[in-house]
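As structure tokens, the structure follows; a few thoughts come after it.
The values are calculated or read from the model by the stated rules, or taken from the named source; none is laboratory data. Note that the structure is predicted; figures quoted are calculated from it, not measured. We place every Cβ from the backbone using ideal geometry, glycine too, and count neighbours over all the protein chains shown.
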Amino acid sequence: MKDFSQLLRDKTQTILEQWVEAVRQDKKISSTNNLSRTAIENHLSHVLSALASVLSQYQEDQIQPLVQASLHHGTLRAEQGFDAAEIAREYRLLRDVIFVTLEPDLVQASALEVMRAVRLIDMVLDEAIACCFQTYTKQRLTELEQLQNQLSLNNQELTRLVRANQDNLSILAHELKSPLTSIIGYSDLFLRLQRQQSNEKDTITHLEHVERVLRSGRLLLHLINDALEISRYDAGQMKLQAERTNVHELITNVYEMLQPLADNKNLQMGVDCDRAPQEVVTDPLRLQQIVTNLVSNGIRYTESGTVKIKCETLGIDKWTIVVYDTGIGIEPEDQAQIFEPYFRIASGTKSFLPDSTGLGLAIVSRLVKLLQGEISLVSEMGVGSTFTVILPLKVEI
């Protein structure tokens with residue numbers, strides 16, 4: 001009689017290696033692009049170990065390690081940003097790899113042995129994905145609850161600040177309308193579906209509703225946070241927190257943070273700080289916001305080529321940050337309005353990019369003024385854009 005339990009233990013490493021490679025090559029599982037092999041493998045070795053135990057002699061207590069491994073797997077996948085469809089494809093690939101690996105031994109076994117092995121493998125993997133989705137859903141709902149609480153707090157602050165600045169209220173309300181409508185609609189749909197009696201095949205559909213809610217919620221939160229920055233500045237509530245700041249370290253931190261975004265679009269990123277001041281007296285948080293917004297904006301509007309950061313000292317009391325890209329460029333008539341709130345430039349056939357709030361450069365211009373500097377733009381359609389920020393080596397308090 002074939003001992004498929006021992007065969008599975010002997011071939012666990014082979015199955016894991018082939019499965020990781022299959023997941024990496026699957027274009028519909030994009031969340032693994034920036035994950036290490038260990039992060040992709042996650043708790044699958046424990047799942048395979050539990051599967052081997054079940055194949056040996058099925059007992060209720062032997063499936064508990066599988067349950068625990070799958071619960072951990074679901075939580076980690078939620079933290080890694082996977083969506084429900086990607087997890088389902090993971091388990092489908094795992095099932096395929098297991099059967100392909102065991103196929104030479106299956107064809108030599110008796111029909112009864114094959115039927116038993118296939119039945120138990122299917123049963124264990126079904127149990128694993130059910131447990132995985134259980135904690136994945138819980139983690140997503142927890143994130144949704146935290147997001148809702150944060151939105152509520154931000155909304156209270158926004159209400160307070162907007163009383164001091166009513167000019168942009170109607171525009172802000174219009175911008176909030178679409179994502180807020182999506183949140184309300186999908187939340188209502190999800191709650192109604194949860195009240196009904198559901199089955200396992202509906203799990204992925206339910207989770208996709210949650211994903212849409214989270215995406216819309218994140219967009220809304222991003223928009224609110226940007227609007228709050230504008231409101232704080234215009235209301236005179238944004239104060240300088242000046243301290244000695246290491247320019248090289250700050251620029252490197254921004255570069256490392258945004259490098260994955262550039263890699264996802266196959267863009268070259270570069271930094272030239274050889275002639276930059278080693279240290280300046282400024283507000284490091286606001287300075288980092290300026291550089292981060294300019295570089296991420298360059299990445300957003302560049303489809304191929306490069307995005308670069310250059311810093312150098314100017315004279316005896318100033319220094320400059322230059323961010324340039326090979327992106328779509330900005331029309332001459334748009335350049336005069338580019339630092340105005342809610343103004344968004346066109347991208348190809350679209351009126352503007354869907355994740356753009358129209359507030360990023362408006363925030364940058366206000367932060368540059370707060371740091372007692374100035375910002376300028378040179379841009380050419382189809383060639384790219386260059387933003388130059390000139391700041392004092394030491395801000396005056």
Q: Residue by residue through segment 321-333, note down the ones that are outside any loop (DSSP other than H, G, I, E, B) and buried (at least 16 other Cβ atoms within 10 Å of the Cβ).
A: ILE321, VAL322, VAL323, TYR324, ASP325
Q) Hey, GLN6 hits all of (1) under 37 Å from the mean Cα position of the chain (by Cα); (2) part of a helix (DSSP H, G or I) but one; which does it fall short on? A) (1)
Q) Looking only at segment 297-320, which residues are surrounded by fewer than 20 Cβ atoms within 10 Å (Cβ to Cβ) and over 24 Å from the mean Cα position of the chain (by Cα)? A) LYS310, GLU312, THR313, LEU314, GLY315, ILE316, ASP317, LYS318, THR320
Q | Considering residues of segment 17-45 that are in a helix (DSSP H, G or I), buried (at least 19 other Cβ atoms within 10 Å of the Cβ) and of a type in the set (A, V, I, L, M, F, W, C) only, the residue nearest to the chain's Cα centre (by Cα) | A | ILE40
Q) Which residues, counting only those in segment 345-369, are at pLDDT 60 or above and either under 23 Å from the mean Cα position of the chain (by Cα) or assigned to a loop (DSSP other than H, G, I, E, B) (or both)? A) ILE345, GLY358, LEU359, GLY360, LEU361, ILE363, VAL364
Q) Exactly one of (1) aliphatic (A, V, I, L, M); (2) in contact with a His (Cβ under 9 Å, 6 or more places away or on another chain); (3) not in a helix (DSSP H, G or I) is unmet by ALA69. Its number? A) (3)
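Table: residues versus (1) under 17 Å from SER70 (Cα atoms); (2) at pLDDT below 80; (3) out of contact with any strand residue (DSSP E or B) (no Cβ under 8 Å at 6 or more places or on another chain).
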{"position": "LEU125", "(1), (2), (3)": "yes, no, yes"}
{"position": "ALA130", "(1), (2), (3)": "yes, no, yes"}
{"position": "THR142", "(1), (2), (3)": "no, no, yes"}
{"position": "LEU147", "(1), (2), (3)": "no, no, yes"}
{"position": "LEU153", "(1), (2), (3)": "no, no, yes"}
{"position": "ARG163", "(1), (2), (3)": "no, yes, yes"}
{"position": "ASP167", "(1), (2), (3)": "no, yes, yes"}
Q: Give the residues of segment 6-16 that are within 15 Å of ASP105 (Cα to Cα) and buried (at least 17 other Cβ atoms within 10 Å of the Cβ), sorted by residue number.
A: LEU7, LEU8, ARG9, LYS11, THR12, ILE15
Q: Check THR101 against each of (1) in a helix (DSSP H, G or I); (2) within 29 Å of LYS138 (Cβ to Cβ) and name the one condition it does not meet.
A: (2)
Q: Restricting attention to segment 125-160, report how many residues are charged (D, E, K, R) and closer than 14 Å to GLU90 by Cα.
A: 1
**Q.** Selected residue (only one of VAL281, VAL271 is touching an Asp or Glu at 6+ places or on another chain (Cβ under 9 Å), farther than 20 Å from SER30 by Cα and not in a helix (DSSP H, G or I))
**A.** VAL281
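Residues are listed down the side, and each one gets a yes or a no for (1) among the small types (Gly, Ala, Ser); (2) in the same structural domain as LEU71 (by TED's automatic domain parsing); (3) over 21 Å from the mean Cα position of the chain (by Cα):
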site	(1), (2), (3)
ASP96	no, yes, yes
PRO104	no, yes, yes
SER110	yes, yes, yes
ALA117	yes, yes, yes
MET123	no, yes, yes
ALA128	yes, yes, yes
GLN134	no, yes, yes
GLN146	no, no, no
GLN150	no, no, no
Q: Check LEU66 against each of (1) modelled with pLDDT under 85; (2) closer than 23 Å to ARG24 by Cβ and name the one condition it does not meet.
A: (2)
Q) If a residue has to be without any contact (Cβ under 8 Å) to a residue 60 or more places away in the chain and not in a strand (DSSP E or B) to count, how many in segment 288-315 make the cut? A) 9
Q) Going by the structure shown, is ASP234 surrounded by fewer than 19 Cβ atoms within 10 Å (Cβ to Cβ), under 22 Å from GLY373 (Cα atoms) and either at pLDDT 90 or above or in contact with a Leu (Cβ under 6 Å, 6 or more places away or on another chain) (or both)? A) no
